[in-house]
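Chemist: Mind looking over this structure? Questions follow.
The values are calculated or read from the model by the stated rules, or taken from the named source; none is laboratory data. Remember, it's a predicted structure, so these values are computed and weren't measured experimentally. So basically every Cβ, Gly included, is an ideal-geometry build from the backbone, and we count neighbours across all protein chains shown.
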Number of protein chains: 2
Amino acid sequence: MISIHKALKEKGLKVTPQRVAIYKAVVDCKNHPTVENIIDTIKMEYPSISVGTVYKVLNVLVSNDLLRKVESEKEVMRYDAVLEHHHHLFCMDTDRIEDYEDKELDILVAAYFKKKEIKNFKIENFKLHITGKFIK
Amino acid sequence: MISIHKALKEKGLKVTPQRVAIYKAVVDCKNHPTVENIIDTIKMEYPSISVGTVYKVLNVLVSNDLLRKVESEKEVMRYDAVLEHHHHLFCMDTDRIEDYEDKELDILVAAYFKKKEIKNFKIENFKLHITGKFIK
DNA sequence: TTATTAAAAGAGAATAATTATCTTTGCAGA
DNA sequence: TCTGCAAAGATAATTATTCTCTTTTAATAA
Ligand SMILES: [Mn+2]
Ligand SMILES: [Mn+2]
Ligand SMILES: [Zn+2]
Ligand SMILES: [Zn+2]
């Protein structure tokens, strides 16, 4: 568990209750919430927060690498508090997105790309987008 | 080169000049055009087309698996006429997205997942989202 | 502790992308 | 050729997000 207070400080950002609350809401929502999810969660203990503030703070946190956006083909953006390298499981039937981490796979793919380069392209990172169905 | 005329027929969809033109525009635009790109291209030989029609037709083509959406963290949707299994190279500095196909990699990863299953998840497909920089 | 100040929050309007509604048009089968 | 349904076109509506402006507040120093 990272201290958001400390993290904001380190980035030279003011520590405000809203920023802390919004960050916490993304963590609490779990599994890549939408802005709507985040607002709903926050409103429980911060009923007067402004929607514009939520968007603004999310953008600040993303551009300071304290949160990430999740790419999707849907119309609404989703956010991720997990900064460590990981992949995503996308449910084909619902909007559920789960984290998938797999060091062994990372090593396998990294080794593959170390041998076989992509021409005209310098790889910085890769991520698997795995589609399928959650079972049980 | 697939016949869009035939493809539409096979899906039980009416063949209209607009549908054909929009499909062709996605192919011609190359590399995952936005709706704006598509409209610009189409307007050259179809100046009177309606924006709503473009959106509607794109949705029809996507839901009939004649086109695909490309997932991204940006605000605008992008489309893909390449239906065969392939991966994407995302430029870190620009909005450029290029196709990357690699049968050897596909086999490697598929073999990996055949051995090591993901618990509670039935994989249907996977796709690599590779970020980096285009060089030269 | 208080004063100062730059940065952030809040409110609401504006914009941008996309979808929905309604009317008109036109493909396709009879 | 006629007819009916599906699609196109026009435009309004909706949704997600950003912007602008004012007020508030966190951080620093006196
Ligand atoms: Mn989007
Ligand atoms: Mn939007
Ligand atoms: Zn994640
Ligand atoms: Zn592609």
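Chemist: B:V76 fails exactly one of the following numbered conditions: (1) away from ligand 1 (no atom under 16 Å from the Cβ); (2) under 15 Å from the mean Cα position of the chain (by Cα); (3) within 30 Å of A:Y79 (Cβ to Cβ); (4) assigned to a loop (DSSP other than H, G, I, E, B). What is the number of that condition?
Modeler: So the condition that B:V76 fails would be (1).
Chemist: Within segment B:56-87, take every residue that is of a type in the set (S, T, Y) and closer than 14 Å to B:T34 by Cβ and give me the one that is modelled with the highest pLDDT.
Modeler: Only one residue fits best here, namely B:Y79.
Chemist: In segment B:109-124, what count of residues is obtained for those that are under 24 Å from the mean Cα position of the chain (by Cα) and outside any strand (DSSP E or B)?
Modeler: Within segment B:109-124, residues that are under 24 Å from the mean Cα position of the chain (by Cα) and outside any strand (DSSP E or B) number 2.
Chemist: Filter segment A:47-73 for residues that are outside any helix (DSSP H, G or I) and either crowded, with 16+ Cβ neighbours inside 10 Å or among the aliphatic types (A, V, I, L, M) (or both) and give the result.
Modeler: Result: A:I49, A:L66, A:L67, A:R68, A:K69, A:V70, A:E71, A:S72.
Chemist: In addition: Kindly indicate whether B:D95 is without any contact (Cβ under 8 Å) to a residue 40 or more places away in the chain and at the interface with chain A (Cβ under 9 Å from one of its Cβ atoms).
Modeler: No; evaluated as a whole, the condition is false for this residue.
Chemist: Residues of segment A:111-136 being surrounded by 13 or more Cβ atoms within 10 Å (Cβ to Cβ) and more than 7 Å from chain B (Cβ to nearest Cβ), which ones?
Modeler: Within segment A:111-136, just A:F113 meets the criteria.
Chemist: Give B:C91, B:C29 a once-over and let me know the one that is in contact with a Gly (Cβ under 9 Å, 6 or more places away or on another chain) and more than 16 Å from ligand 3 (Cβ to nearest atom).
Modeler: Answer to the check: B:C91.
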